[in-house]
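The structure under discussion appears below in the form of structure tokens.
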Amino acid sequence: MEALITTIVKPLVDHPEDVVVTEQEESNKVIYHLTVHGDDVGKVIGKNGRIAKSIRTVIYAIGSDTKKRVYLDIM
């Protein structure tokens, strides 16, 4: 899942080397923390959050196979 998030986000940003995805697993959920360069945060979120929502939709669809809820936090 981390590789998928990285693959989606890297083409969107100007500093692809600063894209870091970490996973935090709890009993009933998995949280992915996406960290990008400060100048690229707006590009990942997009106008009115449309890009972030699209990324989350893809992640949630793939994560629906597991019994745990999947969350994506953009830092």
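Any read-out appearing in this document is the output of simple, stated calculations on the displayed coordinates, not a laboratory observation. Note that the structure is predicted; figures quoted are calculated from it, not measured. All Cβ positions, glycine included, derive from the backbone under ideal geometry; neighbour counts span all protein chains shown.
For this structure, a couple of remarks:
- Projected label points at residue 58 and residue 10, each 7 Å from Cα along the beta carbon direction, are separated by 1.3 nanometres.
- Note on residue 29: aspartates and glutamates with a C-alpha under 19 Å away, same-chain residues under 8 apart excluded, are 2, 65, 73.
- Extreme residue, positive dipole direction of the chain, given options 24, 44, 58 (C-beta unit charges): 58
- Centre-to-centre separation between the Cα atoms of segment 1-28 and those of segment 47-72: 12 Å.
- Amide hydrogen neighbours beyond the local backbone of residue 29, cut-off 5 Å, H modeled: 69
- Fewest-first ranking of 65, 40, 18, using other Cβ atoms within 10 Å as the exposure measure: 65, 18, 40
- Lys, Arg +1 and Asp, Glu -1 on Cβ, resulting dipole of the chain about Cα centre, debye, nearest 20: 520 debye
- 222 nm mean residue ellipticity, helices alone, for the chain (DSSP H n ≥ 4; -39,500 (n - 2.57); rounded to 500): -10000 deg cm²/dmol
- Which labelled figure in [x] 14.8; [y] 17.5; [z] 12.5 is Kirkwood radius over Cα pairs in Å, once derived from the coordinates: [z]
- Residue exposure sequence - 71, 60, 32 - by fewest surrounding Cβ within 10 Å: 60, 71, 32
- Amide H contacts for residue 74 (H built 1.01 Å from N in the peptide plane; partners 5 or more residues away or on another chain; cut-off under 5 Å): 34.
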